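S.K.: Below is the structure I would like to discuss, written out as structure tokens.
Read the figures in this text as sums done on the coordinates, not as results from a lab. From a predicted model like this one, the values you see are computed outputs, not experimental measurements. Glycine gets a Cβ as well: all are built from the backbone with ideal geometry, and neighbour counts include every protein chain shown.
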Amino acid sequence: MRTSRMFRGPLRAAGRALAGLAAALLVAGCGLLGAEPEPTPGPQPTLRVTAMPLLDIVPLHLAINHGFFTTEGVVVDPVDTGSGQAAIAKLTSGEVHVAYAGDVAIVNAVAAGITLRIIAEAAAAGERSMMIMVRGDNTVPAVPALAGKKIAHNGEGGVSDLLTRSLLADHKVDVSTIQWTTLQFPEMAAALNSRTIDAALLPEPLASRAAMQGLKPLVDPATGGALGIPTGSYVVEEDWAKKNPFAVGAFQRAMQKASIEATSNRGLVEQVAVEKMDIAADVAAIANFPTFRSKPSLPELRRVPTLINTYSTRKVNVDMDALVLPFPGS
């Protein structure tokens, strides 16, 4: 009896220690099994995210307006940026945490050695969500008539350039005869009207605005094999993603909600376009919106390097599957 009493206290202490160890292992096991990381106590972290005046990022503004980010435990501060290349530069310099950029710019940056990870898709090419626009004077009645003409793109090797080249190839137009001019998208309609150029690829809502100004939609470049190809995504640096799993997951979940909402409620998309992108209500009402996906589509993303390798002078070898950071619960 005495011996049992002698060991009773130590045994109880050992039992408590083992119970504590078991609880710790259970918590650790949950993390290893893929449970969502918990936010750290204190104020919600602020994510600076680049934004451009494109319909692609309507879900970002929608998520901010409807509190989807704050519900997930983060605050998002949009940072205006002129191009995908500039957005990636802001990301690598540490000025922002998340960058919106065209998928072509993302693939080119990764091919150049920048370690990016895609955490959410912004949009993909929908029917008539971009158009090759010409003047209404019948100088370019059909795609074959573009041979020898002046065509604007927003940068060599960019998505507008590659999709235009893809369209020309489909219609057997000799691309070597094209006179290329680099312009920003908002400058293209005026250049068409002044006869500085003969054609330009305009994304929505600029295409609908140009049509209201008398310009003519010639053809949708995102048809056939180009339909559904991703046009923009949100990326982070790989090291930052590893250090901030909670922020990444929160951003992904909020954007998933917002993309579903944007897909199911056109009125909300029009409202955001008017309020956040300075788009006239009559233009927003007739614009053809891109496809908003709740999660990145790997089969579609794999088409981006193919587009680059086929229609640009660059050759890239990028594993798109490895580039995409898995969504929570996927």
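S.K.: Take segment 130-226, compute every pairwise Cα distance, and split them into 10 Å bins from 0; I just need the percent in each bin.
M.R.: Cα pair-distance distribution for segment 130-226, in percent: 18, 58, 24, 0.
S.K.: Starting from the amide H of V219, placed 1.01 Å from N in the peptide plane, find each other amide H under 5 Å away whose residue is 5 or more places distant or on another chain.
M.R.: Amide H neighbours of V219, under 5 Å, 5+ apart: I132.
S.K.: A further question follows. Tell me the label-point distance for the pair A147, F246, using the 7 Å Cα-to-Cβ offset, in nm and rounded to one decimal.
M.R.: 6.3 nm
S.K.: Starting from the Cα of K315, draw a straight line to each of the aspartates and glutamates and keep only those under 19 Å, dropping any in the same chain fewer than 8 residues away.
M.R.: D103, E156, D161, E300
S.K.: Could you list V272, V58 so that the one with the fewest beta carbons within 10 Å of its beta carbon is first and the one with the most is last?
M.R.: The order, fewest Cβ neighbours first, is V272, V58.
S.K.: In addition: Taking 7 Å along the Cα-to-C-beta vector as the label spot, tell me the V316-N138 distance in nanometres, rounded to one decimal.
M.R.: 4.2 nm
S.K.: Right, here's the next one. Order by neighbour count: S194, S83, fewest other Cβ atoms within 10 Å first, most last.
M.R.: In order of increasing Cβ crowding within 10 Å: S194, S83.
S.K.: Taking each pair of distinct Cα atoms in segment 56-140 once, what is the resulting Kirkwood hydrodynamic radius in Å?
M.R.: By the Kirkwood definition, the hydrodynamic radius is 15.3 Å.
S.K.: Which entries of K90/K150; K90/K276; K149/K172; K149/K216; K172/K295 have Cα-Cα distances beyond 25 Å here?
M.R.: As for pairs spanning more than 25 Å Cα to Cα, those are K90/K150; K172/K295.
S.K.: So, one more: Computed FRET efficiency, Cβ-Cβ of E238 and N309, R0 25 Å: what is it to the nearest 0.05?
M.R.: On the way: r = 23 Å, r/R0 = 0.94.
Efficiency for this residue pair is about 0.60.
S.K.: Quick check on packing: order 132-140, 170-178 by the mean number of other C-beta atoms within 10 Å, highest mean leading.
M.R.: Highest-to-lowest ranking by the protection proxy: 132-140, 170-178.
S.K.: Which ³J(HN,Hα) values, rounded to whole Hz and listed in residue order, are derived for segment 293-310 from phi using the Karplus coefficients 6.51, -1.76 and 1.60 in 6.51 cos²θ - 1.76 cosθ + 1.60 with θ = phi - 60°, glycine and proline given as x?
M.R.: 9, 6, 9, x, 9, 4, x, 6, 5, 5, 6, 5, x, 5, 4, 5, 5, 7
S.K.: Something else now. Normalised by the number of residues in the chain, what is the relative contact order in percent for Cα pairs under 8 Å and 6+ residues apart? Don't skip to the answer; put the middle values down first.
M.R.: Numbers: 552 pairs, mean separation 87.1, N = 330.
Value for the chain: 26 percent.
S.K.: Need one number for segment 156-311: average projected area of the convex hull over its C-alpha atoms, nm². Please list the in-between numbers first.
M.R.: Numbers: hull surface 44.6 nm².
It is 11.2 nm².
S.K.: Given C-alpha coordinates of the chain, what is the ratio Rg to Rh with the Kirkwood estimate of Rh?
M.R.: Radius of gyration relative to Kirkwood radius: 1.15.
S.K.: OK, next. So for the pair K172, D278, with labels modelled 7 Å out along Cα→Cβ, what separation do we get in nm?
M.R.: The answer from the label model is 4.6 nm.
S.K.: At a Förster radius of 25 Å, what calculated FRET efficiency corresponds to the Cβ-Cβ distance of T115 and T182, to the nearest 0.05?
M.R.: 0.30
S.K.: Another question, then. Quick one: Cα centre-to-centre distance for segment 264-330 and segment 238-262, in angstrom?
M.R.: Distance between centres, Cα-based: 16 Å.
S.K.: Got a sec to turn the phi values of segment 243-260 into Karplus ³J(HN,Hα) couplings, 6.51 cos²θ - 1.76 cosθ + 1.60 with θ = phi - 60°, whole Hz, x for Gly and Pro?
M.R.: Each residue of segment 243-260 in turn: 7, 10, x, 5, 4, 4, x, 5, 4, 4, 5, 5, 5, 5, 4, 5, 5, 5 Hz.
S.K.: Something else about it: Taking amide H positions as placed 1.01 Å from N in the peptide plane, with prolines and chain starts having none, which residues 5 or more places from T46, or on another chain, fall under 5 Å of its amide H?
M.R.: HN-HN under 5 Å from T46: V75.
S.K.: Which three extents, in whole angstrom, do the alpha-carbon atoms of segment 62-109 cover along their principal axes, largest first?
M.R.: Here the spans come out as 34, 20, 17 Å, largest first.
S.K.: Here's something else I'd like to know. Can you put D278, D103 in order of Cβ neighbours within 10 angstrom, beginning with the fewest?
M.R.: D278, D103
S.K.: Can you grab the distance from the C-alpha centre of segment 146-165 to the C-alpha centre of segment 188-207, Å, no decimals?
M.R.: The distance from the Cα centre of segment 146-165 to that of segment 188-207 comes to 12 Å.
S.K.: With a Cα-only, solvent-free Debye model of segment 38-187, what are the log10 I(q)/I(0) values at q = 0.10, 0.17, 0.19 Å⁻¹?
M.R.: For segment 38-187, the Cα-only Debye profile gives -0.47, -1.05, -1.21.
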